[in-house]
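Student: Got a structure for you, questions after.
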Amino acid sequence: MDSEGWVSFDELVFSIRNYWRHRENYQWVTKEHIVALAVLDPKGRFEIRDNKIRARYGHSVALNIDIKYAEDLNVKTLYHGTLYENLKRIFKEGIKPMKRKYVHLTLNFEDACEVAKRHGRNAVVLIVDAECLRNEGVKIYIASKSIRTTKYVPPACIKGVIKCY
């Protein structure tokens, strides 16, 4: 993988087949499978350029990569899915990236709700004022068509909470 996160399809297929955990279950993987996964992913998590692929965002492993994201200067409202149990801490400390490099936010409520529901039954969505983030000096980056990332969301920029049903 290069410094911007790009890896060739051949290297990725080789690594999956030879080094992946439970690699014996993935001997069938080909470049075509990876391309299909990337192209059909509804959240646009992957980017393809020439004969290479990379994850646009969501790196949970401390990789030494530096993706240059475009800054979003226009979005007004963003959403972040979490659990009700986390609200007290979030309203005290803000939204932090936790084990990731960035805080993930979405452009629509439904996606945030879906993310929150994966973590538990008391799913809620935080409404984030993007203009407030900018006024606080926090940059918002375009990670994909519907995902925005930032380093931190201060409590003052959280404008509401909606329960997911």
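The values are calculated or read from the model by the stated rules, or taken from the named source; none is laboratory data. Bear in mind that the values here come from a model prediction, so they are computed numbers and not experimental data. Here the Cβ is made from the backbone with ideal geometry for all residues, glycine too, and neighbour counts use every protein chain on show. For accessibility, only protein heavy atoms count, side chains too; no ligands or nucleic acids. Shrake-Rupley method; radii C 1.70, N 1.55, O 1.52, S 1.80 Å.
Listed here are the residues, each with its yes/no results for (1) surrounded by fewer than 14 Cβ atoms within 10 Å (Cβ to Cβ); (2) part of a strand (DSSP E or B); (3) touching a Phe, Trp or Tyr at 6+ places or on another chain (Cβ under 8 Å).
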position: Asn18; (1), (2), (3): yes, no, no
position: Val29; (1), (2), (3): no, no, no
position: Ala36; (1), (2), (3): yes, no, no
position: Lys43; (1), (2), (3): no, no, no
position: Ile53; (1), (2), (3): no, yes, yes
position: Asp66; (1), (2), (3): yes, no, no
position: Leu78; (1), (2), (3): no, yes, no
position: Lys88; (1), (2), (3): yes, no, no
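Student: Here is a follow-up. Is it true that some residue in region 96-108 is in a loop (DSSP other than H, G, I, E, B), touching a Gly at 6+ places or on another chain (Cβ under 8 Å) and touching a residue at least 40 places away in the same chain (Cβ under 8 Å)?
Tutor: Yes, there is a match, as at least one residue in region 96-108 is in a loop (DSSP other than H, G, I, E, B), touching a Gly at 6+ places or on another chain (Cβ under 8 Å) and touching a residue at least 40 places away in the same chain (Cβ under 8 Å).
Student: Let me ask something else. Within the set of pairs 6+ apart or on separate chains, which have a first residue in region 1-24 that is more than 20 Å from Ile65 (Cβ to Cβ) and without any contact (Cβ under 8 Å) to a residue 40 or more places away in the chain, a second that is open to solvent by 100 Å² or more (accessible area, probe 1.4 Å) and not hydrophobic (A, V, I, L, M, F, W, C), and C-beta atoms under 8 Å apart?
Tutor: From residues that are more than 20 Å from Ile65 (Cβ to Cβ) and without any contact (Cβ under 8 Å) to a residue 40 or more places away in the chain, the pairs are Arg17/Arg23.
Student: Restricting the search to region 135-165, which residues are open to solvent by 50 Å² or more (accessible area, probe 1.4 Å) and not in a strand (DSSP E or B)?
Tutor: The answer is Asn135, Glu136, Gly137, Lys139, Lys145, Lys151, Tyr152, Ala156, Tyr165.
Student: Which members of region 90-108 meet the condition of being more than 15 Å from the chain's Cα centre (by Cα) and either crowded, with 16+ Cβ neighbours inside 10 Å or more than 21 Å from Ile162 (Cβ to Cβ) (or both)?
Tutor: Ile90, Gly94
Student: Follow-up. How many residues, within region 119-150, are over 22 Å from Leu83 (Cβ atoms) and basic (Lys, Arg)?
Tutor: Summing the residues that are over 22 Å from Leu83 (Cβ atoms) and basic (Lys, Arg) in region 119-150 gives 3.
Student: Take the residues in region 1-16 that are open to solvent by 80 Å² or more (accessible area, probe 1.4 Å) and of a type in the set (A, V, I, L, M, F, W, C); name whichever of them is modelled with the highest pLDDT.
Tutor: Phe14
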